[in-house]
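The structure appears right after this line, and notes come after that.
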Amino acid sequence: MAQTLEIRDLRVRVEGKEILKGVTLTVRPGETHALMGPNGSGKSTLSYTLMGHPKYEVVDGDILLNGESLLELSPDERARRGLFLAMQYPVSVPGVTLYTFLRTAASAMRGYGETARRNGDQRLHAHLIPAREFRQEVNAEISKLKMDQTFLNRYLNEGFSGGEKKRAEILQMALLKPRIAILDETDSGLDIDALRIVSEGVNHLQTELGMGLLVITHYQRLLNYIHPEHVHIFYNGRVVHSAGPELGEKLEAQGYDWVQAEFGV
Amino acid sequence: MGKLDQRNNGYGPNGNGGAAREEMLTLEVNAAAVEALSDYYDEPAWMRAARRDAWALYERMDWPHTKEEAWRRLPLARYPLANRQIAVAPKPLHALRALPACWLSPLAPQTQVSGIVVHQNGAVVYQDIEAQVAKQGIVVMDLHAALRTHGDLIRQYWMQGSITRPDFNKFTALNAALWHGGTFVYVPEGARTLRPLQAMVGYDDQGSTGLHHTLIVVEKGARLTLIQDRRSLEFLPELSSEIVEIYADEGAWVRYASLQHWGEQRHSVSVQNARLARDAHLLWVNVALGGQITKDFLRTDLLAPGARGVMQGLAFATREQIIDQSTYQLHQAPDTHSDLLFRNVLRDQAKTVFYGMIRVDPGAQGTQGYQANNNLLLGKARAHAIPGLEIAANDVRCSHGATVSRLDEEQLFYLQARGIARYDAEQLLVQGFLRPIIERVPLACMRDGLDEEIAQRFRGPSASAQ
Ligand SMILES: Nc1ncnc2c1ncn2[C@@H]1O[C@H](COP(=O)(O)OP(=O)(O)OP(=O)(O)O)[C@@H](O)[C@H]1O
Ligand SMILES: [Mg+2]
C-alpha cells in the first residue's frame with residue numbers, strides 16, 4: 001500500500017537548541033524529492049526526527065503518514081508502518097552478525113513473531129523467518145548489490161568501510177521494502193561503480209514498491225541516477241526554496257551563496 | 001557416538017567399567033565419614049591417607065573471612081555450612097534416555113561426542129566411550145573407578161595445583177577429605193578425540209553436599225575438548241564445594257567448556273586450576289548461569305615457555321543472584337601468553353564481582369598477558385570489577401581493563417529503526433554482548449542452546465514480578 005509522508009511546520013529542539021525551525025514538505029507515493037543544503041543546516045536532524053530518535057524533541061508541528069500522526073510512535077512502530085531511514089552514519093553493533101540482524105528485522109517487519117507471541121512460544125527461532133527461506137532471499141539481494149556473501153557473517157557495520165556501510169543500508173532497504181525511504185547522504189563514501197549499482201537498486205525498488213523517496217545529498221552526481229521531480233534547498237532549519245531538477249544543477253554550479261541573497265536567510 | 005556395538009567402558013551396551021555400588025550411603029560431615037567413604041569405595045591406602053590429612057586441615061581451618069579480599073563482597077554467612085550431610089545414591093542407568101529430561105536435553109546428542117559420563121547425586125549413572133577413542137587409551141569416567149584403573153597416574157597429579165590443594169581454604173579441604181563423585185579425563189601422549197568428551201554433574205536429592213572432583217590429564221602432544229555441565233534441582237538451600245584440576249603436558253592442546261547451571265538455591269564454591277607445561281595451549285570457556293550464590297576461583301598457571309592460555313567467561317545473573325569470580329593468570333616462565341575476557345550481564349537486583357589478577361614472575365620475559373572484564377547492567381544490579389596486575393619482569397606486554405555500561409541508545413535506535421521492537425532489540429544487544437564468548441563454546445547445538453538460555457534469562461520474570 002502506497003503512503004504519503006507529510007511534514008507540517010515541524011520545529012525540533014536538540015539538547016535545548018532549536019535546530020528545525022518550521023519544516024513543511026510532502027512526499028507522495030512514487031515521488032522522488034531531493035533535499036540539499038549546507039553542512040549543519042539540519043538535514044540529518046530532520047531525518048532522525050522523522051524516524052523518532054528519542055534525542056530529538058518535537059516542539060511544534062506534525063509528521064503524518066497517510067494522514068496519521070507518527071509523533072507518538074516509537075521508531076520500530078514507524079518502521080513497521082513503512083518508514084525507512086538509510087543513515088548518514090550507520091552505527092556498528094559488535095556481536096550481532098549482519099545475517100542475524102537482517103533476519104530479525106525482516107521477521108519483525110513481516111509479523112513473524114506475532115503468532116509465536118500469541119502462543120506464548122519463547123523459542124528464538126519461533127520468532128524468525130525459516131533459515132533456509134531467508135538465506136535464499138538474502139543471497140539474492142546481496143548479489144544484486146554486488147556485495148560479498150561473507151559480509152553476512154560479520155558483525156553489523158563493524159569495521160565496514162564507509163561505502164560498505166552504505167551498501168549495507170540499501171541491502172536492508174531491499175529486504176524491508178519500505179513505503180517511504182529517506183536516504184541521508186547514501187551517496188557519500190560510495191565509489192563510482194557502487195553509486196551506479198546502489199542507485200539502480202533504489203530505482204528498481206521504487207518502481208516495484210511505488211515508494212516515496214526523500215534523498216538528502218550534497219552532489220548532483222547522485223541525482224543523475226536517481227532523478228528527482230522536486231529539489232528543495234534546506235537552509236538554517238527550514239526549506240527555503242523548492243523547484244524542479246534544474247535546481248540541483250544550479251546548486252552544483254553556484255553553491256549556496258546566492259540562496260542567502262535571494263531568500264534573505 | 002558410532003554404532004552401539006562399538007562402545008565400551010560404560011553402562012551402555014558394552015560392559016561396565018564403572019565402580020557402580022548399589023548401596024546408598026548417608027553420612028554426617030565428620031571424621032568417621034572419611035573412613036566410611038574410603039571403605040565404601042575400597043580406596044587405595046594413599047587416598048585414605050590423603051583424605052585423613054585433608055580432614056585434619058579442615059578441622060583446623062576457619063571458614064574464609066570477609067577480611068580477605070577475595071571474600072570481601074560475598075555474603076558467606078548465607079551459605080548453609082552447618083550440620084552438613086553427604087549422600088551417595090547410585091542409580092545406574094542402562095540407557096542415557098532414562099535420565100531426567102532436564103538433564104538429558106542439555107546434553108549434546110551422542111552422535112556428536114566421543115565419550116560421556118553422567119553423575120547423579122555423587123555417583124555415576126551412565127558412562128560410555130567410542131571404541132576407537134577408548135583404543136587410544138583415552139578415558140572419560142568415574143574418578144572412583146579410575147582409582148583402580150589409573151591409580152598411579154591419579155596419585156601423581158592429585159591436588160598438585162597452586163590452588164587445587166587441600167590447604168587453599170576450608171572448602172578445598174572439605175572437598176579433599178570427603179569428595180565423592182568425580183570426573184576423570186585422561187588423554188595419553190599423542191592421542192586425540194575426534195569429537196568432544198562430555199560430562200554432566202547433576203544433583204536432585206535434598207540435603208546432600210556436592211563435593212565433586214574433576215581431574216583432567218592431557219599428556220604430551222595430546223588433544224582434548226571437554227564439555228562439563230552442572231545442573232541441580234533443590235527445594236532448600238544446598239552447598240557445593242567443587243574442585244577442577246587440569247594438567248596439560250608439553251604441547252598438549254586443551255579446550256575446556258565449563259557450564260554452570262546450578263539450581264536456584266545452590267550456594268557453591270569452585271576452585272579450578274589449569275597447569276600448562278611448555279607449548280601447551282588451553283582454551284577455557286566458563287559459563288555461569290545458575291546458583292543462588294557462586295564463588296569461583298579460576299586460575300591458569302603458565303609454567304614453561306610457549307604456554308598459552310585463553311580464558312573466556314560469561315555470567316548472566318538475575319534477581320537476587322550473586323556470581324563472584326576470582327581469576328588468576330600466572331606467568332611463571334618467559335614467552336608465555338595469556339588472554340582473558342569475562343563478560344557479565346546483570347538484571348534485577350543481581351550482583352557480580354570480578355577480581356582479575358595477572359602475575360608475571362621475575363624472569364618471565366617476553367610475556368604477554370591481557371585481561372578484560374565487561375559488565376552490562378540491565379536493572380538496578382551492581383557489578384564490581386577489581387582488576388589487578390603484579391609484574392616483576394620488565395620485558396612484558398600486559399594490559400587490563402574493566403567496564404560497566406548500559407545498553408547503547410544509538411544501537412537500540414538503529415535496531416528499532418529497522419522494525420525491531422525495543423525489547424527484542426535489547427535482547428539482540430545482550431546476545432551480541434555475549435557472542436564473543438559463546439562463539440568459543442564447542443558444538444553448534446551447545447551454542448544454540450546457550451543462545452536460547454540467554455534469551456530466556458533476559459525475558460524471564462524479574463524479582464518483583466515473582
Ligand atoms: N545531538 C546533538 N547535540 C548537539 N547539537 C546537535 C546534535 N545533533 C545535531 N546538532 C546540531 O544541529 C545542527 C544540524 O545538524 P545536522 O546533523 O542535522 O546537519 P546536516 O544538515 O545533516 O549536516 P551535514 O550536511 O554535515 O550532514 C548542527 O549544528 C549540529 O551540530
Ligand atoms: Mg547530515
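We did not get these values from a lab; they are worked out from the coordinates using the rules stated. If you're wondering where the values come from, they're calculated on a predicted model, not measured in any experiment. When we count neighbours, we look across all protein chains shown, and the Cβ atoms used for this are built from the backbone with ideal geometry, even at glycine.
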Picking from A:Gln88, A:Gln149, A:Gln220, which is most flexible by a Gaussian network model of chain A using Cα springs under 10 Å? A:Gln149
Protection proxy ranking of B:51-62, A:223-234 - average other beta-carbon atoms within 10 Å, highest first: A:223-234, B:51-62
State to the nearest 20 debye the size of the charge dipole of the protein assembly as shown about its Cα centre, where the only charges are +1 on K and R beta carbons and -1 on D and E beta carbons. 580 debye
Normalised radius of gyration for segment A:46-144, please: alpha carbon Rg relative to 2.2 N^0.38 Å, two decimal places. 1.27
10 Å Cβ neighbours from other chains, averaged over peptide B:66-76: 0
Convex hull volume of the Cα atoms in segment B:269-355, per residue, in Å³? 64 Å³
Report the Stokes-Einstein translational diffusion coefficient (µm² s⁻¹, integer) for chain B, Rh taken as the Kirkwood radius over Cα pairs, at 20 °C with viscosity 1.002 mPa s. 95 µm²/s
Within 10 Å of each candidate Cβ there may be at most 16 other Cβ atoms; applying that plus a DSSP loop requirement, which chymotrypsin sites (Phe, Trp or Tyr not before Pro) in segment B:231-313 survive? B:Phe235
Stokes-Einstein D (µm²/s) once Rh is taken as the Kirkwood radius of segment B:64-105 over alpha-carbon pairs, at 10 °C in 1.306 mPa s: 110 µm²/s
Can you pull out the GluC sites (Glu not before Pro) in segment A:1-89 that DSSP calls coil and that have at most 14 other Cβ atoms within 10 Å? A:Glu15, A:Glu72
Let a ≥ b ≥ c be the square roots of the eigenvalues of the Cα gyration tensor of segment B:87-141; is it rounded (a/c under 1.5), or, if not, prolate (a/b larger than b/c) or oblate? oblate
The distance between the Cα centres of segment B:369-397 and segment B:146-182, in whole Å, is 30 Å
If only Cα atoms are counted, what is the Rg of segment B:362-466, and what is its Dmax, in Å? 18.4, 57
Classify segment B:126-232: rounded, prolate or oblate, from the alpha-carbon gyration tensor (a ≥ b ≥ c, eigenvalue square roots; a/c under 1.5 rounded; otherwise prolate if a/b is larger than b/c)? oblate
Sort B:418-429, B:95-106 by the packing proxy (mean of other Cβ within 10 Å over each peptide's residues), most packed first. B:418-429, B:95-106
Relative contact order of segment A:96-159 (C-alpha contacts under 8 Å, at least 6 apart) in percent is 50 percent
What residue among B:Leu412, B:His331, B:Ala123 has its Cα farthest toward the positive end of the dipole of the protein assembly as shown, where the charges are +1 on Lys, Arg and -1 on Asp, Glu, each on the Cβ? B:Ala123
Peptide-level mean, for B:424-432, of C-beta atoms on other protein chains within 10 Å: 5
The farthest towards the positive end of the charge dipole of chain B, of the residues B:Val269, B:Leu147, B:Ile293, given +1 on Cβ of Lys and Arg and -1 on Cβ of Asp and Glu, is B:Ile293
Neighbour-limited loop hits for GluC sites (Glu not before Pro), segment A:141-205 (at most 16 other Cβ within 10 Å; DSSP other than H, G, I, E, B): A:Glu158
Treating every alpha carbon of chain A as one equal point scatterer without solvent, the Debye formula yields log10 I(q)/I(0) values at q = 0.09, 0.10, 0.14 Å⁻¹ of -0.42, -0.51, -1.00
Whole number please: convex hull volume per residue, Cα atoms of segment A:1-98, in Å³. 129 Å³
Alpha carbon convex hull of segment B:214-313, volume per residue in cubic angstrom: 68 Å³
Against the empirical 2.2 N^0.38 Å scaling, what ratio does the C-alpha Rg of the protein assembly as shown come to? 1.15
Listed peptides B:138-147, B:377-386, A:39-48 by packing density, highest first (mean Cβ within 10 Å): B:138-147, A:39-48, B:377-386
Counting every C-alpha pair in segment B:351-416, the percent lying more than 15 Å apart is 61 percent
Computed over segment B:25-459, the relative contact order (Cα-Cα under 8 Å, seq sep at least six) in percent reads 10 percent
Quick one: divide the alpha-carbon radius of gyration of segment A:96-159 by 2.2 N^0.38 Å and tell me what you get. 1.21
Looking only at other chains, what is the average number of their beta-carbon atoms within 10 angstrom of each beta-carbon in B:403-411? 2
If r is the Cβ-Cβ distance from A:Glu246 to A:Gln149 and R0 is 41 Å, what FRET efficiency results, to the nearest 0.05? 0.45
